[in-house]
Amino acid sequence: MTSLLTGRPLDGRVAVVTGASSGMGAATARRLAELGAAVAVVARRKEKLEALAADITAAGGKAICLAADVTDRAAVLAAADQVSDTLGPADLVFNNAGVQLISAIDELKVDDWQRQIDLNVTGVMNVIAAFLPHLTATAEQGKPADLINTSSIAATRILEKYSIYSGTKAYISHLTRLIRVELGRKNVRVSAIEPGMVDTELPDHVTDPDASAMMAGLLSDIECLRDTDIAETVAFISALPRHVNISELTILPTAQPV
Ligand SMILES: NC(=O)c1ccc[n+]([C@@H]2O[C@H](COP(=O)([O-])OP(=O)(O)OC[C@H]3O[C@@H](n4cnc5c(N)ncnc54)[C@H](OP(=O)(O)O)[C@@H]3O)[C@@H](O)[C@H]2O)c1
């Protein structure tokens, strides 16, 4: 995407991006930093985070690396303390780490079910638990505060064999609607983004031949979203005036039919 935002609308903001070692998270961390935010990047692959932080710093931005597995509640709490100590409380949390594993339900790939539930549900909740005190504290001080959760169009579409992944994303979308009721009153904005096909590492984990063929077909046949399209969208949501909350946003490649 052409960068639409200009200047430094996120100056003074402290952002946390999970799933920042690749794809949408990495692109978003870069863009938030370009627009003025100090960024804490979270994922498991430390070397990728370090390379990203070095790029951000070389471009004049500010970034810290927090190598952590977000399914580990204690590790996420420790990361939140490190953000506080180093950058101050986070006021923008892009809760984005996720995994997609596709299989027919009667294959009983219970380890894959569990992996998705652990990351896409429990991991997302660990991040909320660790950073919500930051968001409410910054909102109380009259600053913007954003919790942006990455869902998917899979939350609402009926895609055969996507049951567990779709179920985890439906959880995220509905959770977002529900907690917005409570947090909006405290001036914390809560958003879910539901992307269609974005060209990232996500399909690399998929072993089901039908799902792999479907995604490969989309990637070759149409112009899919780029990670930078998502980055600009997240930056836009965060840069809006404090009283404006984009609560749910579906973002599709123009030519993607469903
Ligand atoms: N690509 C799409 O078409 C699409 C569409 C809709 C929604 N989404 C959602 O977008 C989000 C980002 O995915 P992506 O497309 O950018 O794919 P990606 O490139 O595979 O990124 C996934 C990120 O999650 C991180 N991650 C995985 N397990 C983790 C863990 N246990 N703890 C911490 N971080 C972990 C990965 O880093 P490490 O391996 O280094 O930990 C990586 O940075 C996901 O929630 C995905 O479901 C993607």
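A few remarks follow.
- Sorting Leu77, Leu101 by the number of Cβ atoms found within 10 Å of their own Cβ, with the fewest placed first, yields Leu77, Leu101.
- Given +1 at the Cβ of Lys and Arg, -1 at the Cβ of Asp and Glu and no other charges, the dipole of the chain around its Cα centre is 940 debye to the nearest 20.
- Counting every other Cβ atom within 10 Å of each residue's Cβ, Val198, Val110, Val42 order from fewest to most as Val110, Val198, Val42.
- Over all orientations, the range 1-109 has a Cα convex hull whose mean projected area works out to 8.4 square nanometres.
- If the segment from Ala255 to Thr86 were pulled out straight at 0.36 nm per residue, it would be longer than the present Cα-Cα gap by 56.5 nm.
- Here the translational diffusion coefficient of the chain follows from Stokes-Einstein with Rh set to the Kirkwood radius across Cα pairs; for 4 °C and 1.567 mPa s it amounts to 71 µm²/s.
- For a modelled paramagnetic label at Val244, 7 Å from Cα along Cα-to-Cβ, the residues of the range 207-236 in reach, with backbone nitrogen under 14 Å, are 233-236.
- Relative packing of peptides 68-76, 89-97 - highest average C-beta neighbours within 10 Å first: 89-97, 68-76
- Mean residue ellipticity (222 nm) of the chain, computed from DSSP H runs ≥ 4 via -39,500 (n - 2.57), nearest 500: -14000 deg cm²/dmol
- Count of Lys pairs (Cα-Cα under 19 Å; at least 8 positions apart or interchain) in the chain: 6
- Modelled spin-label separation between Arg157 and His205, with each label point placed 7 Å from Cα along the Cα-to-Cβ direction: 1.8 nm.
A short reminder: the numbers here are calculations on the coordinates, not readings from a lab. Computed from a predicted structure; not experimentally measured. Positions of Cβ are generated from backbone atoms using ideal geometry, with glycine treated the same way; all protein chains shown enter the neighbour counts.
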